[in-house]
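Student: Structure below; questions to follow.
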Amino acid sequence: MRRTRIALFALLVLCAASFSPAAASANPRRDAFALSSTAFADGGMIPKVHDCASSGDGDPGKKDESPPLAWSGAPAQARSYAIVMHDLDNGIIHWVIYDIPAGTSALPQNVDHAYQPTVPAGSRQAYYRGSANFFGYQGPCTTDHTYEWAVHALNKESLTELDSNSTTQAAETAIDAATIATASLRGNS
């Protein structure tokens, strides 16, 4: 009886060690969901071309062009994607694009400022109400802030509860309710 208990205890210790955080970090998942950009590294400086053109400083290099984004390692059960961009220093949502088809794994630079941009086909964007009023990407307008892009893998093909009158906040709420996984990228202005 005593030998059985010792053997069970040893087995439990062995199992616990194999599920420890140290063991997990020694064998990272190869398919971890990740977001990246060729325009800047995670935590790097955001190029001026992606800054807001409506900042009032007259700088012609500021174009309000969305950065190129790419993601990998998304869960197989993702039925669509959405991207939400936040200014982490003041809580403003600068961009929401959703209904990105499940077969998509990247966005090009300068997605159209339209409710239904041409690329990616089928996607939609929330209307930005802030220093500028239009559909789509609104770049950083404030210096010394940190911005975060988050790609959300969703459990729905389409967020049918949203339309062209939906606010960025309503879109974010619908996205959060359908999210099964996220990956993020940060940049500084």
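The values are calculated or read from the model by the stated rules, or taken from the named source; none is laboratory data. Everything numeric here is computed off the predicted structure, so don't read it as measured data. Don't worry about glycine lacking a Cβ; one is built from the backbone with ideal geometry, like all the others, and counts go over all protein chains shown.
Student: Those residues that are among the hydroxyl-bearing types (Ser, Thr, Tyr) and either part of a loop (DSSP other than H, G, I, E, B) or modelled with pLDDT of 80 or more (or both), I need them from segment 17-72; list them, please.
Tutor: Going residue by residue through segment 17-72, those that are among the hydroxyl-bearing types (Ser, Thr, Tyr) are 18, 20, 25, 36-38, 54-55, 66, 72.
Within segment 17-72, 20, 36, 37, 38, 54, 55, 66, 72 meet the criteria.
Student: So is residue 142 closer than 22 Å to residue 77 by Cβ, of a type in the set (S, T, N, Q), surrounded by 15 or more Cβ atoms within 10 Å (Cβ to Cβ) and out of contact with any helix residue (DSSP H, G or I) (no Cβ under 6 Å at 6 or more places or on another chain) or not?
Tutor: Details: closer than 22 Å to residue 77 by Cβ: no; of a type in the set (S, T, N, Q): yes; surrounded by 15 or more Cβ atoms within 10 Å (Cβ to Cβ): yes; out of contact with any helix residue (DSSP H, G or I) (no Cβ under 6 Å at 6 or more places or on another chain): yes.
Against the criterion (closer than 22 Å to residue 77 by Cβ, of a type in the set (S, T, N, Q), surrounded by 15 or more Cβ atoms within 10 Å (Cβ to Cβ) and out of contact with any helix residue (DSSP H, G or I) (no Cβ under 6 Å at 6 or more places or on another chain)), residue 142 does not qualify.
Student: Continuing with the same structure: Examine segment 96-105 for a residue that is surrounded by 18 or more Cβ atoms within 10 Å (Cβ to Cβ), under 14 Å from residue 65 (Cβ atoms) and not β-branched (Val, Ile, Thr), and state whether such a residue exists.
Tutor: No, every residue in segment 96-105 fails to be surrounded by 18 or more Cβ atoms within 10 Å (Cβ to Cβ), under 14 Å from residue 65 (Cβ atoms) and not β-branched (Val, Ile, Thr).
Student: Run down 115, 128 and say which single residue is surrounded by fewer than 19 Cβ atoms within 10 Å (Cβ to Cβ), on the phi < 0 side of the Ramachandran plot and of a type in the set (Phe, Trp, Tyr).
Tutor: It is 115.
Student: Can you name the residue in segment 155-189 that is more than 17 Å from the chain's Cα centre (by Cα) and of a type in the set (Val, Ile, Thr) and, of all such residues, is farthest from residue 142 (Cα to Cα)?
Tutor: Across segment 155-189, the extreme among qualifying residues is 160.
One line per residue, one yes/no per condition, for (1) without any contact (Cβ under 8 Å) to a residue 24 or more places away in the chain; (2) in contact with an Asp or Glu (Cβ under 7 Å, 6 or more places away or on another chain):
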position: 100; (1), (2): yes, no
position: 111; (1), (2): no, no
position: 117; (1), (2): yes, no
position: 123; (1), (2): no, yes
position: 150; (1), (2): no, no
position: 163; (1), (2): yes, no
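Student: A follow-up question, please. For residue 75, state whether it is in a loop (DSSP other than H, G, I, E, B) and in contact with a Ser or Thr (Cβ under 7 Å, 6 or more places away or on another chain).
Tutor: No, not satisfied.
Student: Filter segment 41-81 down to the residues that are touching a residue at least 60 places away in the same chain (Cβ under 8 Å), within 15 Å of the chain's Cα centre (by Cα) and under 25 Å from residue 121 (Cα atoms) and list them by number.
Tutor: Within segment 41-81, 66, 67, 69, 71, 73, 74, 75, 78, 80, 81 meet the criteria.
Student: Identify all residues within segment 88-140 that are among the hydrophobic types (A, V, I, L, M, F, W, C), under 18 Å from the mean Cα position of the chain (by Cα), assigned to a loop (DSSP other than H, G, I, E, B) and at pLDDT 95 or above; write none if there are none.
Tutor: 88, 102, 111, 119, 126
Student: Looking only at segment 147-181, count every residue that is surrounded by fewer than 19 Cβ atoms within 10 Å (Cβ to Cβ), assigned to a strand (DSSP E or B) and touching a Phe, Trp or Tyr at 6+ places or on another chain (Cβ under 7 Å) and tell me the total.
Tutor: Qualifying residue count for the region: 1.
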